[in-house]
Amino acid sequence: MADAISIENNAASPDDEGELLAALRAGDDAAYRSLVMTHTPALLTVARRILSSEEDARDAVQEAFVSAFKSIARFEGGSKLSTWLHRIAVNAALMKLRSRKRSQETSIEELLPTFRDDGHASQPSSRWRDAAAEAQRREVRDLVRQSIDRLPEIYRTVLLLRDIEEYSTEETAELLEINANAVKTRLHRARQALRSLLDPHMRETSA
Amino acid sequence: MTCREFIEFIEDYRSGKLPEAQRQAFDLHLGKCPSCVCYLDGYEKTILLGRKSLCEGDDRIPEEVPAELIEAILAARKKGE
Ligand SMILES: [Zn+2]
């Protein structure tokens, strides 16, 4: 990702952004090329997280740029160009996700903790190993990504938008066209389910 | 307080949104329930692992910017004009 980061840093200052915006509005080809070169890596990254197919992710990024080009005249400059584009790309990816046929998913209920009649946990939880150290291991990162992919879609998207893309509850609600309470409930269930999937691998007692 | 209640409101507890009296009830439960201490620990580590696996080191993501995608996007702009 070294290339993408250095390009990003070169384009970040607000003055440059104002100039770039003026050039874009004037229809300057070089400005469009610079915009696309600068932002494609980050937008592709978020689209790939939401969509599992590379082809779909690239299509979503292309659709996002096309829709951004159309509305560049209306861009207020209140937020950074990168923030604005990121949101358009998330929207494009979510739209693609909705249009796709759902595959068979694990039910979330199976992955939530269970309780006895008196409200106490039916299975006592065990302590986990150090997460920062575990995350250094490639096989652990693979496992985490595979586990996130196993979550039912409506939970996975909330987890991605809230915990990974760091959108607020309200922004996530708007992007997914659901209410804020549904975002909170789904996020909590998604984390609980992911915790259950990771638990056998992360227990201190396991190898 | 039961484990069920503790786990249901774990996010409010973590984010410090609970009123003082409720927060104390949560603290009290944690003080005598090692299982919920572990559950909370794993819940927070789950969030951290997600971030670390997807944001900082997504090994699936190739490093180079795909040139053909960039050309396709620029061509789509020309077509749309
Ligand atoms: Zn408990």
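The values are calculated or read from the model by the stated rules, or taken from the named source; none is laboratory data. Because the structure is predicted, anything quoted here is derived from the model rather than measured. Neighbour counts are summed over all protein chains in view; Cβ atoms, including those assigned to glycine, are modelled from backbone coordinates with ideal geometry. Heavy atoms of the whole protein, side chains included, go into the accessibility calculation; ligands, DNA and RNA do not. Shrake-Rupley method; radii C 1.70, N 1.55, O 1.52, S 1.80 Å.
Under the condition of being outside any helix (DSSP H, G or I) and modelled with pLDDT under 90, the residues counted in region A:1-31 number 4.
Which residues, counting only those in region A:120-131, are within 15 Å of B:P34 (Cα to Cα) and facing chain B (nearest Cβ under 7 Å)? Walk me through how you get there before you give the answer.
Of the residues in region A:120-131, the ones within 15 Å of B:P34 (Cα to Cα) are A:120-128.
Matches in region A:120-131: A:H120, A:A121, A:P124, A:S125, A:S126, A:R127, A:W128.
Only one residue in A:V66, A:V46, A:V61 is of a type in the set (V, I, T) and open to solvent by 10 Å² or more (accessible area, probe 1.4 Å). Which one? Just one listed residue meets the conditions, A:V66.
List the helices (runs of 4 or more DSSP H) inside region A:113-189, counting only whole elements, that have at least 3 residues being more than 16 Å from the ligand (Cβ to nearest atom) and either over 15 Å from the mean Cα position of the chain (by Cα) or closer than 17 Å to B:L48 by Cβ (or both).
Working: elements: A:131-134, A:138-150, A:153-159, A:169-176.
Correct list: A:131-134, A:138-150.
Within region B:1-57, the set of residues being away from the ligand (no atom under 16 Å from the Cβ), among the hydroxyl-bearing types (S, T, Y) and either more than 28 Å from A:L160 (Cβ to Cβ) or more than 7 Å from every other protein chain (Cβ to nearest Cβ) (or both) comprises B:S15 only.
Could you list all residues from region A:69-87 that are within 13 Å of another protein chain (Cβ to nearest Cβ) and surrounded by 15 or more Cβ atoms within 10 Å (Cβ to Cβ)?
Here is the first cut: in region A:69-87, the ones within 13 Å of another protein chain (Cβ to nearest Cβ) are A:69-72, A:85.
Within region A:69-87, A:F69, A:I72, A:L85 qualify.
Contact map, region A:63-92: first residue closer than 15 Å to A:H39 by Cα, second residue surrounded by 16 or more Cβ atoms within 10 Å (Cβ to Cβ) and basic (K, R), Cβ cut-off under 8 Å, separation 6 or more or different chains; pairs are A:E63/A:K96; A:F65/B:R77; A:V66/B:R77; A:F69/B:R77. Of the residues making up region B:39-58, those that are open to solvent by 20 Å² or more (accessible area, probe 1.4 Å) and in contact with a strand residue (DSSP E or B) (Cβ under 9 Å, 6 or more places away or on another chain) number 2. Comparison of A:V36, A:V66 shows that the only residue that is in contact with a Gly (Cβ under 7 Å, 6 or more places away or on another chain), assigned to a helix (DSSP H, G or I), aliphatic (A, V, I, L, M) and modelled with pLDDT of 85 or more is A:V66. Taken together, the residues in region A:143-179 that are under 17 Å from B:I10 (Cα atoms) and of a type in the set (G, A, S) amount to 0. Filtered by the rule that a residue be open to solvent by less than 20 Å² (accessible area, probe 1.4 Å) and at the interface with chain B (Cβ under 9 Å from one of its Cβ atoms), region A:152-196 gives A:L159, A:L160, A:D163, A:I164, A:L187, A:R191, A:Q192, A:L194, A:R195. Across region B:1-24, the number of residues qualifying as part of a helix (DSSP H, G or I) and open to solvent by less than 60 Å² (accessible area, probe 1.4 Å) comes to 7. Residues in region A:45-60 that are closer than 21 Å to A:I154 by Cα and either at pLDDT 90 or above or part of a helix (DSSP H, G or I) (or both): A:T45, A:V46, A:A47, A:R48, A:R49, A:I50, A:L51, A:E54, A:D56, A:A57, A:A60.
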